[in-house]
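The structure under discussion appears below in the form of structure tokens.
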Amino acid sequence: MDERNLEPLLSVAAAEAEPEDVMPPVDAPAGWSLARREAFRDFHRASFTGLDGPTRTRMYAILAGGEVVGMVRMTRCEQPGTVETGMWLGRSARGQGLGAAALRELLNAAAAAGMRTVVAETTPDNPGAISVLRKCGARLREDGGKVRAEMCLDSALPAL
Ligand SMILES: CC(C)(COP(=O)(O)OP(=O)(O)OC[C@H]1O[C@@H](n2cnc3c(N)ncnc32)[C@H](O)[C@@H]1OP(=O)(O)O)[C@@H](O)C(=O)NCCC(=O)NCCS
């Protein structure tokens, strides 16, 4: 992510995603109010410096056909060599296999950054996310109403 693709990403988020799927909660009027849009920009700008910056997070815009359609990120965990991932796509880009393709790219980027493990957390009522994680070789376990996923980068990714 950088300043150039931030406005396109915000346009996709505002038109095709729920705030709670794409950014942390903020004290602002419901929906894509001006205050929430500014908080969305600040949230992404805070991670422009990547894994060694203040948020320890690297964010990537997901592009399809040259257009920004979503975002995937990795955030350093306490455990050395481990990052946590999360992602979202605009509604019109879902259900086409882009999520798994983007996660595979993220796993490659994490390995290139020297990571050994990528973890993720979702909920049992998110079949799209669970399927994407499975397709990328994640081991899944349910824990207190959450689904926790672990992908080991030492082993080869399953073929698509
Ligand atoms: C989760 C997400 C990134 C998945 O990406 P995607 O590109 O849509 O995933 P895919 O196209 O590979 O679809 C995944 C699978 O889930 C299925 N699926 C997707 N949404 C579904 C739904 N609402 N109900 C049932 N199945 C669903 C698809 O049919 C597909 O099935 P398959 O693997 O058998 O082919 C995307 O749906 C999204 O952005 N969701 C909103 C944000 C979110 O939940 N992020 C994850 C938080 S942990």
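The values are calculated or read from the model by the stated rules, or taken from the named source; none is laboratory data. Being a predicted model, the structure only gives us computed values, none of them experimental. Cβ placement follows ideal geometry from the backbone for every residue including glycine, while neighbour counts extend to all protein chains displayed.
Any idea which of (1) surrounded by fewer than 22 Cβ atoms within 10 Å (Cβ to Cβ); (2) over 22 Å from Arg148 (Cα atoms); (3) under 16 Å from the mean Cα position of the chain (by Cα) is the one Ile62 doesn't satisfy?
If we test Ile62 against (1) surrounded by fewer than 22 Cβ atoms within 10 Å (Cβ to Cβ); (2) over 22 Å from Arg148 (Cα atoms); (3) under 16 Å from the mean Cα position of the chain (by Cα), just (1) comes out false.
Could you grab the pairs with beta carbons closer than 7 Å, sequence gap of 6+ or different chains, first residue in segment 103-126 and in contact (Cβ under 8 Å) with a residue 40 or more places away in the chain and loosely packed, with under 15 Cβ neighbours inside 10 Å, second one assigned to a loop (DSSP other than H, G, I, E, B) and not charged (D, E, K, R)?
Listed pairs, sorted by first residue: Ala111/Leu153.
Between a first residue in segment 39-53 that is touching a residue at least 60 places away in the same chain (Cβ under 8 Å) and a second residue that is basic (Lys, Arg), which pairs have beta carbons less than 9 Å apart while being 6 or more apart in sequence or on different chains?
That search, which allows pairs on different chains as well, returns Leu51/Arg58; Leu51/Arg76.
Which count do you get for residues in segment 122-140 that are assigned to a loop (DSSP other than H, G, I, E, B), farther than 13 Å from Ala101 by Cβ and either more than 8 Å from the ligand (Cβ to nearest atom) or aliphatic (A, V, I, L, M) (or both)?
Residues in segment 122-140 being assigned to a loop (DSSP other than H, G, I, E, B), farther than 13 Å from Ala101 by Cβ and either more than 8 Å from the ligand (Cβ to nearest atom) or aliphatic (A, V, I, L, M) (or both): 4 in total.
The conditions are (1) in contact with a Phe, Trp or Tyr (Cβ under 9 Å, 6 or more places away or on another chain); (2) within 21 Å of Glu7 (Cα to Cα); (3) at pLDDT 95 or above; (4) surrounded by fewer than 19 Cβ atoms within 10 Å (Cβ to Cβ), and Gly70 fails exactly one of them. Which is it?
Just one mismatch for Gly70, condition (4).
Is it the case that some residue within segment 45-55 is in contact with a Pro (Cβ under 9 Å, 6 or more places away or on another chain), part of a loop (DSSP other than H, G, I, E, B) and of a type in the set (A, V, I, L, M, F, W, C)?
Yes.
Take segment 86-100 and flag every residue that is buried (at least 22 other Cβ atoms within 10 Å of the Cβ) and assigned to a strand (DSSP E or B).
Of everything in segment 86-100, those that are buried (at least 22 other Cβ atoms within 10 Å of the Cβ) and assigned to a strand (DSSP E or B) turn out to be Met87, Trp88, Leu89.
Just checking, how many residues over segment 10-39 are over 30 Å from Pro80 (Cβ atoms) and within 15 Å of the ligand (Cβ to nearest atom)?
Count: 9.
State yes or no: is Ala14 part of a helix (DSSP H, G or I), under 12 Å from the mean Cα position of the chain (by Cα) and modelled with pLDDT of 95 or more?
no
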